[in-house]
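No value in this document is a laboratory result; all are computed from the given coordinates. Model, not experiment: these values are computed from the prediction. Methodologically, a virtual Cβ is constructed for each residue, glycine included, from the backbone with ideal geometry; neighbour enumeration extends over all protein chains shown.
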Amino acid sequence: MAPARRDEGGRAARRGVTRAVLVTGAAGQLGEALRRAAWPEGFAAVALDRAALDLADLNAIAGAVAGRRWAAVINAAAYTAVDKAESDQVAAWQVNALAPAALAAACASAAVPLVQVSTDYIFPGDRDGAWEVDDAAAPLGVYGASKLGGELAVRTSGARHVIVRTAWVMSARGHNFVRTMLRLAAERDTLRVVADQRGSPTAAADLAAALVRIAVRLADDATAPTGTFHFSNAGATSWAGFAEEIFRQSARRGGPSAAVTPIATSDYPTPARRPANSLLGLGAIGAAYGIHPRRWEAALGDILDELIGAPK
């Protein structure tokens, strides 16, 4: 989990915001993007970090939801240390399943719509083609299982909700593949990167914009679509292909670059198994909310503009 950051509730209140959206996980990549997102007039995020809302305290979660008339709640908090989760199961289930259950119960009681963020890791990744929203879940490890537990808790809570699954989140902040590759490329000439896991990178800013659109629609329209949807940027690649594109675009900006040697998953063993195919089908979110994500390469370019500068 990301380092703590103070909440912005007081600042939002001082601005006279009349329709506040509670956002958990303020210090993470997505929480930060939601704080920076362009909210429609009359809406604003009140983003709480771990210092302001302890997700291990179920009474505090209930109190946070009940303590103000929220337009909507977006749960952007998650335990995302995939490998550590294998040995830290209690913490993973606390944040990824029990906390969403408490949020959903509180939202149901207060009649507040909830947007829950989930993951591609609920799928086994054992076939070709994009995973659709109604495909059977079969997580390979604790992280995916705990996130699926959160989905099930929200789905059965009675709260009006949308669950949005995403994958391979990237941004100019926090810990992510883009920043790791740039750091390593500044130290080494060649990097070995897994080439037999496929998916689609997702810009945190693009995901945040989609969540804002969904939350506002849920707040404004009692007939807005509910259920489960997928969001990632469009297009598919491997981790090795992702790295190659990072270095290609970085070099154009005068940033670090390295040669990529593709390797198999078996050459890079980790405590947690990863799905070989994380590609998410995007048809449902387009049909329901008119959200049609751009290509991941273009989204990556915006991140590198922020990290390095515009192409030279």
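So here's what we get for this one:
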quantity: Length-normalised contact order for the chain - Cα pairs under 8 Å, 6+ apart - percent; calculated: 19 percent
quantity: Kirkwood Rh (inverse of mean 1/r, distinct Cα pairs), the stretch 222-303, angstrom; calculated: 15.5 Å
quantity: Zone residues, the stretch 196-230, relative to Arg248, backbone N less than 19 Å from point 7 Å out along Cα-to-Cβ; calculated: 196-203
quantity: Two-decimal Rg to Rh for the chain - Kirkwood Rh, Cα set; calculated: 0.96
quantity: 5 Å-binned pair-distance histogram of the stretch 146-243 (Cα, whole percent); calculated: 2, 11, 17, 18, 17, 13, 9, 7, 4, 2, 1, 0
quantity: Relative contact order for the stretch 148-238, counting Cα pairs under 8 Å that sit 6 or more residues apart, in percent; calculated: 41 percent
quantity: Gaussian network model of the chain, Cα within-10 Å springs - most flexible of Asp221, Asp302, Asp49; calculated: Asp221
quantity: Coordinate range along principal axes, alpha carbons of the stretch 30-182, Å, largest first; calculated: 44, 36, 30
quantity: Trypsin sites (Lys or Arg not before Pro) restricted to DSSP loop in the stretch 136-212 with at most 15 other C-beta within 10 Å; calculated: Arg188
quantity: Protection-proxy order for peptides 34-42, 249-257, each taking the mean of Cβ atoms within 10 Å per residue, highest first; calculated: 249-257, 34-42
quantity: Bridge type composition, the chain - antiparallel percent by DSSP, nearest 5; calculated: 5 percent
quantity: Residue order, fewest to most surrounding Cβ atoms within 10 angstrom, among Thr156, Thr223; calculated: Thr223, Thr156
quantity: Backbone N within the stretch 87-115 under 17 Å of label point (7 Å from Arg155 Cα along the Cβ vector); calculated: 96-98, 100-102, 104-105, 114-115
quantity: Base-10 log of normalised Debye intensity for the stretch 116-167 (one unit scatterer per alpha-carbon) at q = 0.14, 0.17, 0.30 Å⁻¹; calculated: -0.34, -0.50, -1.29
quantity: Sorted by Cβ neighbour density within 10 Å, fewest at the top, the residues Asp305, Asp126, Asp206; calculated: Asp126, Asp305, Asp206
quantity: Per-residue Cβ neighbour rank within 10 angstrom, fewest leading, Phe231, Phe247; calculated: Phe247, Phe231
